[in-house]
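Written out below as structure tokens is the structure these notes cover.
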Amino acid sequence: MNPVINKRGDKFSIPGKYLLFALTIVSIALIVITLTTNLFSGVAGTVAGVFVVPFQKGISTAGSYVKDKAEYFADMSTLREENGVLRQQVEELKEENARLTQDKYELDNLRDLYELDKEYSSYSKTGARIIARDTGNWYSNFVIDKGTDDGLDIDMNIIAGGGLVGRITSIGPGWSKVTSVISDNISTSSMVLNTGDNLIVTGDLESYSEGVITFSKLQDDIDAVSIGDKVVTSNISDKYLPGILVGYITSIEADSNNLTKSGTLTPAVDFEHLDEVLVITSKKQVINSETPDD
Amino acid sequence: MRKTLVTFVLIIICFIFQSSVFSYFSFGGIVPNLLIIITASTAMMRGEKAGLFTGFFAGLLADIFFGDFICIYAIIYMYEGYICGFFHRVFFPDNYILPLALISISDFISGFIYYILMFLLRARFDMGHYMTHVIIPELIYTSVVAVFVYPIILFVNTKMDMIVSKGARKFV
């Protein structure tokens, strides 16, 4: 009997196992295509933009509202205690502030003098809200509510709280997906700020349960790098702008090859409580390696 | 046709809730897997073919947004829906134990397969750590959430069946 025609012979239907087989082939083809090209990113972006993102924006706002309200009542009593402590602190800070204002004035002058305005405080930035997080529990990717319509582009860097969060890896008209530096499959080319030694920072799900991520390939023969040193994005990275704070070194071990060192560092950003991020709208300039053929 | 549309809407609602609302109620960074719940329960109520499609589209949605390449979740969820669909023959709306057990097992297996494909193959060998920190917590959280979500899906489904059969009778 022909499996495609069912018993009555009048109604057209395909048995489940053939469908399964066909869809498996389609899926594997799609996996291969998306691994090798970025043919579908535009299509997928448009589909997602129409069906899902508008709802996510609304629900995310509602979700944060409900949570805010719940925390509002829980925090009432702690706030009173805190208030007393804070009043004391305000007095201390006033005094400190006066002193720092003087320092700041001096610093500004010195910066002008050394033309240090290339620091990342001078990059043009735009704020964005996180509207969705990874549905699985394996990677720490998320979606923000701005996309190509707001002038964003793939590979733009994301910062929050003064530290590096990640970069945009796929984008649609009103949304973009951010891959964070703590994701297990992401490596960031970085350097130690005070010695200038390059190292590779790699996200690690296993060690992130203790709040740290790993680094490797640090060449430091004279033991100049120590625990607590700042790690920033390196000059030679082709995705990240130089000098953005990634984290602080928490442990260093010599590798078994006795040439390089590896260890762990604490990220500068609190990824658990990330709500709003800044997108740096200038991108790192890279030399196009493809030379024109004719 | 209307059934398909309702399932489609349910998938989108589940996805939106999972990605936006539940991230505010995550325990230790773990969110429950609503897409598994909708896939397994639809498969059980409607048979393997419906399960296959539900799984495929639920996975595809997750892939488009959060996957590095499209179709890895789609393929896992599709097989899950297909296999859960075999239990359609022993499915009774009054029996809650079988669907909930099946949802839990599906979640565990999908987590394990994903670990093998995406982590073990990248030489992350510490299986025990990933078990205790990701797969098992997700399994527990999903099972607990399923106790509340499954009756809602069942209710929508039986209501839909009633509407469709009523329409058919009127037509005759």
DSSP H segments from chain A that extend 27 Å or more along their own axis, Cα-based, with Kyte-Doolittle mean of -1.0 or above: A:16-36, A:53-114
Chain B: angle of helix B:48-66 to the longest principal axis, Cα-based, in degrees nearest 10: 50
Most fluctuating residue given options A:Ile14, A:Ile186, A:Ile28, as computed from a GNM of chain A linking Cα atoms under 10 Å: A:Ile14
Rounded FRET efficiency, nearest 0.05, which uses the C-beta distance separating A:Asn257 from A:Asn194 and R0 of 22 Å: 0.35
Label point distance in nm, A:Gln88-A:Ala62, each placed 7 Å from Cα along Cα→Cβ: 4.5
Per-pair calculated FRET efficiency, R0 = 56 Å: A:Ser282 and B:Ile116 via Cβ, rounded to 0.05: 0.85
Charge sum, other residues only, whose C-beta stays under 13 Å from A:Asn97's C-beta, Lys/Arg counted +1 and Asp/Glu -1: -2
Inter-site label distance for B:Phe125 and A:Glu210 at 7 Å from Cα along Cβ, in nm: 1.9
Once the Cα gyration tensor of region A:148-294 is diagonalised, semi-axes √(5λ) in Å: 28, 20, 13
Average projection area in nm² (convex hull over Cα atoms of chain A, one quarter of hull surface): 28.0
10 Å Cβ shell holding at most 16 others, DSSP loop, chymotrypsin sites (Phe, Trp or Tyr not before Pro): longest site-free stretch of chain B: B:1-68
Computed label-point distance, nm, for sites A:Lys104 and A:Lys69 using a 7 Å Cα→Cβ extension: 3.8
Entries in A:Lys230/A:Lys284; A:Lys94/A:Lys146; A:Lys239/A:Lys261; A:Lys146/A:Lys284 that, when Cα-Cα distance is taken, lie over 28 Å: A:Lys94/A:Lys146
Inverse of mean 1/r across different Cα pairs in region B:1-152, Kirkwood, Å: 15.5
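We did not get these values from a lab; they are worked out from the coordinates using the rules stated. On a predicted model such as this, the values are computed, not experimentally measured, just so you know. Note: ideal-geometry Cβ built from the backbone for every residue, glycine included; neighbour counts use all protein chains shown.
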